[in-house]
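Below you'll find the structure, written out as structure tokens, and then a few comments.
Here, each number is a calculation from the coordinates, and none is a lab measurement. Since the structure is predicted, the reported quantities are computational estimates derived from the model, not experimental observations. Quick reminder, even Gly has a Cβ in these numbers, built from the backbone with ideal geometry, and neighbours come from all protein chains shown.
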Amino acid sequence: MTGRPGRATRNGRSGRSGAQAGAGDLLALVRNGRAVTRGALQQATGLSRATVGQRLDRLFRAGWLREGAGGPVDSPLGGRPSITLEFDDSHAVVLAADLDTRHARAAVLSLTGEILAEQSGTLVVEEGPESVLGELGGWFEELLVKAGHRAEEVCGIGLAVPGPVDSETGRVVQPPIMPGWDGYDIRGRMSRAFTERTGAPAVPVLVDNDANLMAYGEQRTGYPDCTAFVLVKISTGIGAGVVVDGSIYRGVDGGAGDIGHIRVGADAVCRCGSQGCLAAVASGGAVARRLAASGVPAASGSDVRDLLAAGHPEAAALAREAGRRVGDVLATVVTLLNPGVLMIAGDLAGTPFLTGVRELLYQRALPRSTAHLDVVTSRLGDRAGLVGAGALVVEHLYAPDRVEERLAAMGV
Ligand SMILES: [Zn+2]
């Protein structure tokens, strides 16, 4: 389990406390706001004032910690008010990209998740990983110029992809809508594209499923206290991301949340080759096909999105019907997971679809599992995947154990 990036130590929850607490544990306490003064760190860890001072010194020398601008606050140990400490996010930046089937979005983000420069455009995953990731390297090069940052400041790259990912290897596993990507070394190719374009040293590349990273981004920024959070993305395909106790729940090999290929007994053939999948009748792609069959020009989830935004009545009726189909499956999902928030995101997320989801969900799920459930739409919109991918990289690199390793490698 500990081999999976960031899993054991995400949010510093399982970091050591007490006499063993290292610089990484102190940084985690500052970053998550649980202890932001020297006195509070002493109290949280049981370390002596001198030891806390030595460990903080390493973080100051690395440029990872700074004194807060907020002025002194009362110390929990009494005595003079203490200076607050904060994570210094100016020492590095993160690159992130969110790939959809025909479209991508990429950004430079600060370590605290602020988008510093952003770009979106056509990038067709069907053209294969070699070309897509090569082109993305070019996007990153331009974005760094736009953001005014050097490639040497980049500490890591996060990628959201529309398929199931084994987070151990960063490779996609039998992705129905990513032909040519199955088992491909995405990390290696992305890293090479980055170094070839920029001449900067290689950095860690983390890859995860798009719905997982959207869920992670939305939960962290909008619902940090929600301990069971589910996001369903309805675009060309359908996928779900689950965040439990602040961590992405991936299952044993990254397959958790792939609800688009649950058989719902319809006769439509799915892109995965099976018949009757949920995605074959209720995704943006499925709605587009039905619109096209009745003479409305639509070829993709994003076309449906445009029609919905323009108030097209047939698109709205079909979106509501798709919502009912998805709501039926979500009744089982919420019964199993009992989430506090169920977020609907992606091209079809809007009032008609949400209405359909609610109709079936509340009818089919036990009242017990929906009593404290909020069914909502996305807050971050098209940026959710980017924010989640950036956060994944930061939580990986600043997990307590990795902080120790990185400080040692820097010689501080
Ligand atoms: Zn399928």
How would region 322-412 be classified by its alpha-carbon gyration tensor: rounded, prolate or oblate, with rounded meaning a/c under 1.5 and the a/b versus b/c comparison settling the rest?
prolate
Between Ile83 and Arg192, what's the calculated FRET efficiency when r is the beta-carbon distance and R0 is 41 Å? Round to 0.05.
0.40
If the chain between Ser274 and Arg34 were fully extended at 0.36 nm per residue, the gain over the current Cα-Cα distance would be 81.5 nm
Mean projected area (nm²) from the convex hull of Cα positions in region 215-379 is 9.3 nm²
Highest mean packing first, using Cβ neighbours within 10 angstrom, the peptides 300-310, 40-50, 275-285 sort as 275-285, 300-310, 40-50
Taking the Cα centre of region 114-223 as origin, work out the dipole magnitude from +1 charges on Lys and Arg Cβ and -1 charges on Asp and Glu Cβ, in debye rounded to 20.
200 debye
Under the classification rounded if a/c is under 1.5, otherwise prolate if a/b is larger than b/c and oblate if not, where does region 125-228 fall, given a ≥ b ≥ c as square roots of the Cα gyration tensor eigenvalues?
oblate
Rounded to two decimal places and with Rh computed the Kirkwood way over Cα pairs, what is Rg over Rh for the chain?
1.01
Ser82: net charge of surrounding residues, Cβ under 9 Å, Lys/Arg +1, Asp/Glu -1, itself excluded?
+1
Rounded to the nearest Å, what's the spacing between the alpha carbon centres of region 110-175 and region 380-405? Just the number, please.
13 Å
Most exposed first by the Cβ proxy, i.e. fewest other Cβ within 10 Å, how do Arg80, Arg289 rank?
Arg80, Arg289
Quick one: length gained pulling Thr51 to Thr351 fully straight, 0.36 nm per residue minus the C-alpha distance?
102.4 nm
Taking the Cα centre of the chain as origin and charging only Cβ (+1 Lys, Arg; -1 Asp, Glu), how large is the dipole, in debye to the nearest 20?
980 debye
Most to least packed among 143-151, 366-374 [average Cβ atoms within 10 Å]:
143-151, 366-374
Calculated FRET value between Asp185 and Ala317, using beta carbons and R₀ = 35 Å, to 0.05:
0.20
Most fluctuating residue given options Gly156, Gly68, Gly346, as computed from a GNM of the chain linking Cα atoms under 10 Å
Gly68
Sort region 80-175 into rounded, prolate or oblate with this rule: let a ≥ b ≥ c be the square roots of the eigenvalues of the Cα gyration tensor; rounded if a/c is under 1.5, and if a/c is not under 1.5, prolate when a/b is larger than b/c, oblate otherwise.
prolate
Using alpha-carbon positions, what is the distance between the centroids of region 35-73 and region 293-362, in Å?
49 Å
Summed side-chain charge close to Val132 - residues other than Val132 whose Cβ falls under 12 Å, Lys, Arg +1, Asp, Glu -1
-3
Max mean-square fluctuation residue, GNM over the chain, Cα-Cα springs under 10 Å, options Pro129, Pro81, Pro352:
Pro81
Based on the Cβ-Cβ distance of Thr112 and Asp267, what FRET efficiency does E = 1/(1 + (r/R0)^6) give at R0 = 60 Å, to the nearest 0.05?
0.75
